[in-house]
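The values are calculated or read from the model by the stated rules, or taken from the named source; none is laboratory data. On a predicted model such as this, the values are computed, not experimentally measured, just so you know. Cβ sites come from the backbone with ideal geometry, for glycine too, and all protein chains shown count toward neighbours. Please note that ligands, DNA and RNA were not included when accessible areas were found on the heavy atoms of the full protein model with its side chains. Shrake-Rupley method; radii C 1.70, N 1.55, O 1.52, S 1.80 Å.
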Amino acid sequence: MKGNVIVGQSGGPTAVINSSLAGVYRTAKDRGAKKVYGMMFGIQGFLDEQYVDLSDYIKNELDIEILKRTPSAFLGTCRYKLPAIHENKEIYEKIFEILNRLEIECFIYIGGNDSMDTIKKLSDYAIVTGQPQKFVGVPKTIDNDLALTDHTPGYGSAAKYIATSTKEIIRDGLGFSYKKSLVTIIEIMGRNAGWLTGASALSKGEDCDGPDLIYLPEIPFEVDDFVERVSRLLQEKSTVVVAVSEGIKLKGGRYVCEASGGSDYVDAFGHVQLTGSANYLAGVVRERIGCKTRAIEFSTLQRSASHLASRVDINEAFMVGGAAVKAADEGDSGKMVVIDRVSDDPYQCATGIYDVHKIAND
Ligand code: F6P
């Protein structure tokens, strides 16, 4: 590699998002990049010329290891949607003017399906206008909802946090309530994908039966049926634990959290903030059944809990970061690195690469 590399982080953080950043840095340096720049706050900060030279922060092997285990997005992220090329050509001209000035050869973006839209648009523009840069995406999201990859870095650590914390909540209830009913409702992220909520079932083991009920966003939620099931469970046991996805919807498609007021905040990609389902359902149980309730929203804890990060997840996040630089350096553009499962037992994964147009949200 003769030129420089720039890397950005975008969308919601994960416990291992910085491990991918470390992987990008390491491979870029190993392949001879003179400079590895980091965009501050993704493409949005880059438009304001906010970037750093990562060598100012990463001085040795220990720094790489620490970065791999550091929660939150080291560079800062954004939820910023680039306009279509025909809508605002000036933005693209500005981005490529900066990229050319910094002698960027490879542009790497760590993100989910919304963030891959940035890779798609920039690589399309580069082809049409004959720009030399290569654009490759690195998968990242706790939601595990990216197409064509076996799973996404970030999911494993969040799933581990959810399984562990759910077990602790269930065990807490068992020790506490003798002849007193308690219904605990846990709300789990994942937007419209149920993978994370499903991970609450991993709490089941010798010492724990797992949640009594699990509600996924893919299946319409019925309030009356939910109350009926909770009532029946309370006839058999005094503590009931329910795991619900933040994205559960009523039959007509309305989010349960909207029925409760929720939040009316909408991001640049048109996603409404999902929050309040557990609180709402705890209120319904209190009102209709009359027992004690508790609503627990894991919220950002599930994606920032680096004390519980999965080692496999940290290593895979590092691996996909490195694979993206290698791909871009070898001429790939408009692509995203994926994780391919090679074998289940022993568990083994390798990286592959796919056309980002098949993955990105519009
Ligand atoms: O996409 C990752 C995610 O954590 C979702 O599970 C969640 O709905 C969303 O981000 C929350 O985004 P923000 O932190 O921007 O409100």
Which ³J(HN,Hα) values, rounded to whole Hz and listed in residue order, are derived for the stretch 286-300 from phi using the Karplus coefficients 6.51, -1.76 and 1.60 in 6.51 cos²θ - 1.76 cosθ + 1.60 with θ = phi - 60°, glycine and proline given as x?
4, 6, 8, 9, x, 9, 5, 9, 9, 10, 10, 9, 5, 6, 6
Taking the solvent-accessible surface of protein heavy atoms with a 1.4 Å probe, what is the per residue accessible area of the chain in Å²?
44 Å²
Could you rank the peptides 42-48, 132-138 by their average count of other C-beta atoms within 10 Å per residue, with the highest value first?
132-138, 42-48
What translational diffusion coefficient, in µm²/s and rounded to a whole number, does the Stokes-Einstein relation yield for the chain at 25 °C and a viscosity of 0.890 mPa s, taking the hydrodynamic radius as the Kirkwood radius over Cα pairs?
114 µm²/s
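For the stretch 156-302, what relative contact order do you get, as a whole percent, if you take Cα pairs closer than 8 Å and at least 6 residues apart?
31 percent.
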Can you pull the accessible area of residue 49 for me, 1.4 Å probe, Å² to the nearest 10?
80 Å²
Cubic angstrom per residue, convex hull over Cα atoms of the stretch 156-302
105 Å³
Just tell me which aspartates and glutamates come within less than 16 Å, Cα to Cα, of residue 180; anything on the same chain fewer than 8 places away is out.
172, 236
Sequence order, the stretch 113-126: Karplus ³J(HN,Hα) from phi using 6.51 cos²θ - 1.76 cosθ + 1.60, θ = phi - 60°, Hz rounded, Gly and Pro as x, gives 5, 5, 5, 5, 4, 5, 4, 4, 5, 5, 5, 4, 5, 4
Expressed as a rounded percentage, what relative contact order does the stretch 118-241 have, with Cα pairs under 8 Å and six or more residues apart?
24 percent
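Considering only the other residues whose Cβ falls under 13 Å of the Cβ of residue 78, what net charge follows from Lys and Arg at +1 and Asp and Glu at -1? Intermediate values should be presented prior to the final figure.
Details: positive: 79, 81; negative: 48, 114, 117, 267.
Once all neighbours under 13 Å are counted, the net charge is -2.
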In what sequence, highest mean first, do 111-119, 186-194, 275-283, 9-17 appear when ranked by Cβ atoms within 10 angstrom?
9-17, 111-119, 186-194, 275-283
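Percent of accessible area on the stretch 202-312 owned by carbon and sulfur, 1.4 Å probe?
Accessible surface attributable to carbon and sulfur in the stretch 202-312 totals 45 percent.
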Distance (nanometres) between label positions extended 7 Å along Cα→Cβ at residue 343 and residue 60:
3.8 nm
Can you send over the solvent-accessible area of residue 225, 1.4 Å probe, protein chains only, in Å² to the nearest 10?
60 Å²
Testing the spin-label approximation: label points 7 Å from Cα along Cα→Cβ at residue 254 and residue 84. State their distance in nm.
3.2 nm
Taking a cut-off of 19 Å between Cα atoms, list the lysines near residue 29, but don't count ones fewer than 8 places away on the same chain.
2, 59, 68, 134, 326
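If the chain between residue 148 and residue 206 were fully stretched, how many nm would it gain, using 0.36 nm times the residue separation less the Cα-Cα distance?
17.4 nm is the gain from fully extending residue 148 to residue 206.
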Positive-pole candidate from 271, 203, 161, dipole of the stretch 156-302, charges at beta carbon
203
Counting DSSP beta bridges with both ends in the chain, the antiparallel % (nearest 5):
30 percent
Taking 7 Å along the Cα-to-C-beta vector as the label spot, tell me the residue 100-residue 286 distance in nanometres, rounded to one decimal.
6.2 nm
